[in-house]
Amino acid sequence: MLILSNCTYSVLRHCKRKLTPLQRLSKLETLQQYSVSSKISKRVLGIETSCDDTGAAVVDECGNILGNALHSQTSISVALGGVLPSHAKTIHRAHIERVVQDALDQANIKVKELDAVAVTVKPGLSLCLDVGLSHAKKLVQEHRIDFPFLVFLVSGGHCLLAVARDIDKFLLLGTSLDSSPGEAFDKVARRMKLKNLPECYDMSGGAMMEHMAKQGDIEAIPAPDVSFAQRSCNFSFSGIKSHYIRNIEQEEAKQGIVASHVISNASDMCASFQYAVIKHLAKPLQRAFLYCELKGLLPESDRALVVSGGVACNQFIRQGLQKVCEKFDCRMVCPPPHLCTDNGIMIAWNGMEKLLAGRGFAEDPQSVDFSPKGPFGEDLTADVAKSTIKVRKINLL
């Protein structure tokens, strides 16, 4: 519903959900939860991005502020001589997910436990308002995904594209032939010695690269194109990794960098590297969509791409993949950043899906063994290459 207040319209939508299979299997726990929640007052999350500050807060009906978070752009706006809408939008997009999560964490509440989400839609700068509204819509959207759908795993150990046809049936369209994207991020960050920068303290290699890239010029250092003779959905990140390590060594020699010092244009190097990665990810994804259309592997409407893995935390990579999805009328679904990296929740839920479906049981648990290089689903990578599908260039920026 829409509620009009003195200065803003706020979009409100109830976030109550039907019981999940997990809740249905634990009726006693569910009843206990409801007996407790009946005593809790209503709680609303508010999102504000009308100008140059990214704000989020959770309040209850008694007027208590349960959580409050803000990322201010004031110092940047002052340095620029005023608010630049396009610049402000970029900063909003970079911080809104963290700001909202901080407010929720302070309130010790999950999105599904909220009664409503409110967001400013006027007055304000249109480019900035769009960021808050888009995020609010994403929060209240029910991400129900039916089989079949496209899966894109982009992590430190893997890079693969597959069609998920059922909980245990996959069609492998493409995979990495050597390094993974996450490994490339880590190795290049390590070679650049980003950990020696105070602002990168306690960050992973990928997080360092993303942080530095936000301050860099993406056009200062040309990003290479990596392609195969065969038009496949496969990936190769060893070449990208080697290219940037050579570039770093050349820059160090040119700038006289020694010991623990970092090259002066590290931000530009990181921005260029990220762009090279998304360019390489985008082409196989385009080809995967076209192959699925050719073979009728995805529904004509309500198509979905699920992107997961540690590299999926990178907002620049997500935005590039979203550009590809928009060209193919496909919605992109990503787990929250804290669930993109390795965690037990994904294994537990996969087990729950199989338990409910009555599949995947081990008749003799003691005979079960691991398979570190086991095949993933039905391998269609050769058939994809045989189809020689040409893709058009997409503006990923």
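The values are calculated or read from the model by the stated rules, or taken from the named source; none is laboratory data. All of these numbers come straight from a predicted model, not from anything done at the bench. Please note: Cβ atoms are built from the backbone with ideal geometry, for glycine as well, and neighbour counts cover all protein chains shown.
Quick look at the numbers
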read-out: Filter result (surrounded by fewer than 24 Cβ atoms within 10 Å (Cβ to Cβ) and hydrophobic (A, V, I, L, M, F, W, C)) within the stretch 172-193; value: 172, 177
read-out: Near pairs, Cβ below 6 angstrom, 6+ apart or cross-chain, from the stretch 64-88 (more than 20 Å from residue 109 (Cα to Cα)) to any residue that is modelled with pLDDT under 80 and of a type outside the set (Val, Ile, Thr); value: 83/77
read-out: Of the criteria (1) surrounded by fewer than 18 Cβ atoms within 10 Å (Cβ to Cβ); (2) modelled with pLDDT under 90; (3) not aromatic (Phe, Trp, Tyr), which one residue 11 fails; value: (1)
read-out: Residue check for residue 196: assigned by TED's automatic domain parsing to the domain that holds residue 349, more than 23 Å from residue 318 (Cα to Cα) and surrounded by fewer than 17 Cβ atoms within 10 Å (Cβ to Cβ); value: yes
read-out: Members of the stretch 361-382 that are in contact (Cβ under 8 Å) with a residue 12 or more places away in the chain and of a type in the set (Ser, Thr, Tyr); value: 381
read-out: Single match in 362, 348 (criterion: in a loop (DSSP other than H, G, I, E, B), aliphatic (A, V, I, L, M) and over 26 Å from residue 134 (Cβ atoms)); value: 362
read-out: Search result, residues across the stretch 157-188 that are without any contact (Cβ under 8 Å) to a residue 40 or more places away in the chain and in contact with a Gly (Cβ under 6 Å, 6 or more places away or on another chain); value: 186
read-out: Filter result (of a type outside the set (Ser, Thr, Tyr) and at pLDDT below 90) within the stretch 370-386; value: 370, 372, 373, 374, 375, 376
read-out: Candidate set: the stretch 318-343, residues that are part of a helix (DSSP H, G or I) and at pLDDT below 90; chosen: the one surrounded by the most Cβ atoms within 10 Å (Cβ to Cβ); value: 340
read-out: Evaluation of residue 273 against (1) of a type in the set (Phe, Trp, Tyr); (2) buried (at least 20 other Cβ atoms within 10 Å of the Cβ); (3) over 23 Å from residue 394 (Cβ atoms) (one fails), failing number; value: (3)
read-out: Some residue of the stretch 332-341 being among the β-branched types (Val, Ile, Thr), touching a residue at least 40 places away in the same chain (Cβ under 8 Å) and in contact with a Ser or Thr (Cβ under 6 Å, 6 or more places away or on another chain); value: no
read-out: Qualifying residue in the stretch 93-107 (condition: part of a loop (DSSP other than H, G, I, E, B), farther than 15 Å from residue 140 by Cα and not assigned by TED's automatic domain parsing to the domain that holds residue 215); value: no
read-out: Pairs where the first residue, in the stretch 190-208, is on the phi < 0 side of the Ramachandran plot and the second is of a type in the set (Ser, Thr, Tyr), C-beta under 6 Å, 6+ apart; value: 196/260
read-out: Set 212, 203: member being more than 27 Å from residue 234 (Cβ to Cβ), modelled with pLDDT under 95 and not aromatic (Phe, Trp, Tyr); value: 203
read-out: Subset of the stretch 297-317 (residues that are part of a strand (DSSP E or B) and of a type in the set (Ser, Thr, Tyr)); value: 308
read-out: Residues within the stretch 123-143 that are under 15 Å from residue 53 (Cα atoms) and not in a helix (DSSP H, G or I), tallied; value: 3
read-out: Residue within the stretch 186-202 that is under 19 Å from residue 341 (Cβ atoms) and of a type in the set (Gly, Ala, Ser) present; value: yes
read-out: The stretch 229-263, residues that are more than 26 Å from the chain's Cα centre (by Cα) and hydroxyl-bearing (Ser, Thr, Tyr); value: 260
read-out: Qualifying positions in the stretch 222-261 - part of a loop (DSSP other than H, G, I, E, B), among the hydrophobic types (A, V, I, L, M, F, W, C) and either surrounded by 20 or more Cβ atoms within 10 Å (Cβ to Cβ) or at positive phi (or both); value: 223, 233, 237, 259
read-out: So residue 306, is it assigned by TED's automatic domain parsing to the domain that holds residue 179, touching a residue at least 24 places away in the same chain (Cβ under 8 Å), surrounded by 14 or more Cβ atoms within 10 Å (Cβ to Cβ) and touching a Ser or Thr at 6+ places or on another chain (Cβ under 7 Å); value: no
